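What follows is one structure encoded as structure tokens, with my remarks underneath.
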Amino acid sequence: MSAPRYHLTSYGCQMNKLDSELVESRLRQRGYVAAASEAEADVVLLNTCSVRQHAEDRVWSKLGKLRQRKRGEPGLVVGVLGCMAQEHKRYLVSRMPHVDLVVGPSAFGDIDDTVEVARHKNARLAAERDPARTKHEVVGAGVVTVDQGKSGDTIRRDVRVRPHRSQAFVSVMRGCNMPCTYCIVPTTRGDEVSRPIADIVEETQRLCDDGVTEVTLLGQTVNAYGRDLTGQGATLARLLRALHEIPSLRRLAFITSHPNFLGPDLVDAIAELPKVARYLHLPAQSGSNTVLKAMRRGYTVERYFARVEQLLAKAPDVELHSDFIVGYPGETAADFDATVAFLQRVGFAQSYVFKYSPRPGTVAAELADDVPDAEKERRNQVLLVAQEALTVAKNRALVGRTVEVLVEGDSKVDGRFSGRTEHHRLVHFAATDRDLVGRYVPVRVTEALAHSVVGELLPENAAEAGAHDPAETHA
Ligand code: SAH
Ligand code: SF4
Ligand code: F3S
């Protein structure tokens, strides 16, 4: 019998994508192969997200299509993994008979066993199916579900499923203990659990031995890392210092930081460690104290700004990235104007803007979703335009300068490659040599676009100057 073919789609955040990588690695270790397309797969897995309604809608619609497909293909295995599996387990199990397995994000450690059980159940049911009694309910009887089990963090990464040869994500903590009123993540991902420093160092060392040079540490509140590991003195600052020792590691980033945990030890680590990326993803969510309080974010605009000033006093070349939610219940036009002013005052290099989406079961879902959708859309556009002006200005300031780019691969435009700077800025440049992928090269910026810059590749020997060149600094 030929090897079973799987197809897996990620619908969520970076952590969700990393989970997909771990799930795929485990399936391959079990002898599964990647199907060339979803239509050719024997096992179709959806790694899902619940953070906004839109993310869920995409999956519900996909599941509708898979229901059709399964009518003609009763042996097909359909699995819902991740945050929606956790959030909608009961509904999926009782109302969606074409779903064979439902696995929450903290139970990927044995995903291969779970898929095997579901597959053999289906094979047996398909064989038992009596063609004379086509109404016989056979498919979907007994869904395999696991929601609390081993996390996938211990799964050894398969090089073939890593999206980039030189870059990797490493999960340092799972879950979230914050009380943000609008957010579903603490429900779907559970309580904070940090991994011991030694485990993270070991995994990172192994990735570096496999050719990785840029590592991004992942956690929902990554700078609160370690607070559940009582008595071990584990903090993000300590972890960064430990990882910094790995000789072949060149860049070390971490997402996402919470403003409440940006303490002096972390500021010092960012300022002192040359391998640490020069951007900080520090979502503000709003620039209005009334809204921040309603969201229970635990800081004021003034406190956020003071923390940023402390950071920039020691590490002036760090750029800030943010997330904002517009149209939170009760957000007035004046609250929103304060958000625009705040964004401009901090001068973020990049922001994601989201329209508030009520999540059932959260505190905010009890409040009237009283900002009309057209107004949310307007605020969304206004904030994006304000952010774009800041981004373009920063990009323009780079024209004529040389930046060091880690080459990621083909750009969307033919004959161009793209990569990122230590500020996480996307750079496109003309080149044909595939060997450049995974290398650090000097590029002189020639043009500023809204979300990226274009430049020309310089001879490689200029790279040495590029490595710690303060050229790409923004005081
Ligand atoms: N842990 C991270 C991000 C979590 S989710 C943090 O605390 O910043 C990513 C982003 O989605 C959030 O920063 C927030 O801006 C947005 N988000 C979360 N819940 C949302 C909701 N109900 N509606 C709209 N956007 C939401
Ligand atoms: Fe959600 Fe807040 Fe936790 Fe971020 S910190 S994941 S927004 S609850
Ligand atoms: Fe979505 Fe779950 Fe990530 S809800 S944002 S996939 S943690």
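The values are calculated or read from the model by the stated rules, or taken from the named source; none is laboratory data. Remember, it's a predicted structure, so these values are computed and weren't measured experimentally. Every residue, glycine as well, gets a Cβ built from its backbone with ideal geometry; the counts of neighbours run over all protein chains shown. Surface areas here come from the heavy atoms of the whole protein model, side chains and all, with no ligands, DNA or RNA. Shrake-Rupley method; radii C 1.70, N 1.55, O 1.52, S 1.80 Å.
The stretch between A393 and S2 holds 135.2 nm of extra length on full extension. This uses 0.36 nm per residue minus the Cα-Cα distance. Within the chain, the selection of entire DSSP H helices by a Cα span of 24 Å or greater along the long axis and an average Kyte-Doolittle value of at least -1.0 returns 111-128, 373-397. Normalising the average separation of contacting C-alpha pairs (under 8 angstrom, six or more residues apart) by the number of residues puts the relative contact order of the stretch 304-372 at 43 percent. Our helix-only sum for the chain, with -39,500 (n - 2.57) per DSSP H run of n ≥ 4 divided by its residues, gives a mean residue ellipticity at 222 nm of -11000 deg cm²/dmol. The GluC sites (Glu not before Pro) of the stretch 419-462 include none that meets both criteria, a DSSP state outside H, G, I, E and B (loop) and at most 15 other C-beta atoms within 10 angstrom of the site's C-beta. Taking trypsin sites (Lys or Arg not before Pro) across the stretch 371-449, the ones in a DSSP loop with at most 16 further Cβ atoms lying within 10 angstrom of their Cβ are R401, K412, R439.
Modelled this way, with points 7 Å down the Cα-to-C-beta line, the labels at T432 and R296 are 6.0 nm from one another. Compute the Rg to Rh ratio over the stretch 203-318 from the alpha carbon atoms, using the Kirkwood formula for Rh, and round to two decimal places. Result for the stretch 203-318 is an Rg/Rh of 1.00.
Most simply put, the stretch 159-358 has about 10% antiparallel DSSP beta bridges, counting only bridges with both residues inside it.
Once C-alpha pairs closer than 8 Å and six or more residues apart are averaged by separation and normalised to the residue number of the chain, the relative contact order reads 10 percent. For a modelled paramagnetic label at A365, 7 Å from Cα along Cα-to-Cβ, the residues of the stretch 45-84 in reach, with backbone nitrogen under 15 Å, are 49-57, 83-84. Stokes-Einstein diffusion coefficient for the stretch 402-457 at 4 °C in a medium of 1.567 mPa s, Rh from the Kirkwood formula over Cα pairs: what value in µm²/s? Stokes-Einstein gives a translational diffusion coefficient of 121 µm²/s.
Quick test of your reading: applying the under-4.7 Å Cβ rule, which cysteines of the chain are isolated? Unpaired cysteines in the chain: C13, C49, C83, C176, C208. Extension gain for S248 to R439 (0.36 nm times residue separation, less C-alpha to C-alpha distance): 67.5 nm. Antiparallel beta bridges, as assigned by DSSP with both residues in the chain, represent about 35 percent of the total such bridges. Dipole of the stretch 159-358 (Lys/Arg Cβ +1, Asp/Glu Cβ -1, origin at the Cα centre): which of Q310, A234, C176 lies farthest to the positive side? The residue sitting farthest along the positive end of the dipole is C176.
The ellipsoid equivalent to the alpha-carbon distribution of the chain has semi-axes of 39, 28, 22 angstrom, derived from the gyration tensor eigenvalues as √(5λ) and listed largest first.
The alpha-carbon of K314 sits under 24 angstrom from the alpha-carbons of these lysines, leaving out residues fewer than 8 places away in its chain: K275, K394.
The residues of the stretch 308-416 expose on average 46 square angstrom of accessible surface per residue, using a 1.4 Å probe on protein heavy atoms. Modelled spin-label separation between T230 and R165, with each label point placed 7 Å from Cα along the Cα-to-Cβ direction: 4.8 nm. Counting charges near E87 (Lys, Arg +1; Asp, Glu -1) among other residues having Cβ under 9 Å from its Cβ returns a value of +1.
Full extension of the chain segment joining D158 with R401 gains 83.7 nm, where the gain is 0.36 nm per residue of separation less the Cα-Cα distance.
With the biggest extent put first, the Cα atoms of the stretch 159-358 measure 53, 37, 37 Å across the principal axes. As a fraction of the 1.4 Å probe accessible area of the stretch 159-358, surface on carbon and sulfur atoms comes out at 53 percent. Listed by chain and number, the aspartates and glutamates whose alpha-carbon sits under 20 Å from that of K376, ignoring those within fewer than 8 places in the same chain, are E56, D57, D323, E331, D335, D337, E366, E388. Residues V443, V340 ordered from highest to lowest accessible area at a 1.4 Å probe: V340, V443. Charge tally around T181: other residues with Cβ under 12 Å, Lys/Arg +1 each, Asp/Glu -1 each, net +3. Once label points are set 7 Å from the Cα along Cα→Cβ at both K412 and A306, what is their separation, rounded to one decimal in nm? The two pseudo-label positions are separated by 4.3 nm.
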